[in-house]
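As structure tokens, the structure follows; a few thoughts come after it.
Quick note: the coordinates plus some simple rules give every number you see, no bench work behind them. Here the structure is a predicted model, which means the values were calculated and not measured. FYI the Cβ positions are ideal-geometry reconstructions off the backbone, even for glycines, and counts take in every protein chain you see.
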Amino acid sequence: MFEKKVAVVTGGAKGIGKAIAEEFRKAGARVCVIDLLPNEYFVGDLADQTVLETFAAQVIADCGHVDYLINNALPLMKGIDSCSYEEFNYALRVGVTAPFYLAKLFAPHFAPGASIVNISSSRDRMSQPQTESYTAAKGGISALTHALAVSFAGKVRVNSISPGWIDTDYTVYHGPDALQQPAGRVGNPMDIAHMVLYLCSEKAGFITGENICIDGGMTRQMIYHNDCGWTLQGGDRT
């Protein structure tokens, strides 16, 4: 399905990114990973402009073109109480600036039918306390998605995926953790990898500028005291 295609995956050494990279390889693609963690292609910090330029140059030297760019690397998660100015900017450089700059660097080298898939988060529309740096980055990449889709119109399709609770260890949960999700279970990396490959395929040829939330329906479900096995400590809340 993806024979002779070139897929670039950021943060592809573990978790969701690793699953995406492995599925592309199984489908016949050549995969170029960049990650802070050891991997077989390129180790580097996405927050560093020189690293991005060196990585992009290596991909083009090795492969000649890019078919798929998957911006998956995780930004730093810290909150309003503890996140410094430098840490907040670091999160945005990894989560928003790097995807933008890689798209810019690869722009002359995208093959016909190319696709960008940005991995956002359901946190682009909902939050926990003390998650500002991560949440801002994910909101940014969701907005960047439709901006790039319009700028790349007719050349590259650009979409994003917003995962919900994805257990990267493939743990099977029971009880309230599973029941709170309308799908009846917690997600795993393959739920995201399958959608990435679909969005990069010709079957998704009429989809661009979209954000697809893959969260088992969790963001559509209101949970109150005593719902789905959950009990609010300290009393009821309405």
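With the requirement that a residue be on the phi < 0 side of the Ramachandran plot and either exposed (fewer than 15 other Cβ atoms within 10 Å of the Cβ) or in contact (Cβ under 8 Å) with a residue 60 or more places away in the chain (or both), what does the stretch 19-35 give you? Passing the criteria: Ala19, Ile20, Glu22, Glu23, Phe24, Arg25, Lys26, Ala27. Determine if the stretch 170-184 includes at least one residue that is in contact with a Pro (Cβ under 8 Å, 6 or more places away or on another chain), over 20 Å from Ile34 (Cα atoms) and crowded, with 20+ Cβ neighbours inside 10 Å. The answer is no, given that none of the residues of the stretch 170-184 is in contact with a Pro (Cβ under 8 Å, 6 or more places away or on another chain), over 20 Å from Ile34 (Cα atoms) and crowded, with 20+ Cβ neighbours inside 10 Å. Comparison of Val66, Val59, Val94, Val9 shows that the only residue that is over 17 Å from Ala137 (Cα atoms), among the β-branched types (Val, Ile, Thr) and within 14 Å of the chain's Cα centre (by Cα) is Val9.
Of all residues in the stretch 164-208, those being free of Cβ contacts under 8 Å to residues at least 40 places away in the same chain, of a type outside the set (A, V, I, L, M) and not in a loop (DSSP other than H, G, I, E, B) number 5.
Screening Arg123 with (1) more than 25 Å from Phe24 (Cβ to Cβ); (2) in contact (Cβ under 8 Å) with a residue 40 or more places away in the chain; (3) buried (at least 20 other Cβ atoms within 10 Å of the Cβ); (4) under 17 Å from the mean Cα position of the chain (by Cα) gives one miss only, at (2). When the stretch 58-101 is filtered for residues that are loosely packed, with under 14 Cβ neighbours inside 10 Å, part of a helix (DSSP H, G or I), of a type in the set (Gly, Ala, Ser) and touching a residue at least 12 places away in the same chain (Cβ under 8 Å), nothing remains. Taken together, Ala107, Ala136 contain a single residue that is in a helix (DSSP H, G or I), among the aliphatic types (A, V, I, L, M) and buried (at least 17 other Cβ atoms within 10 Å of the Cβ), which is Ala136.
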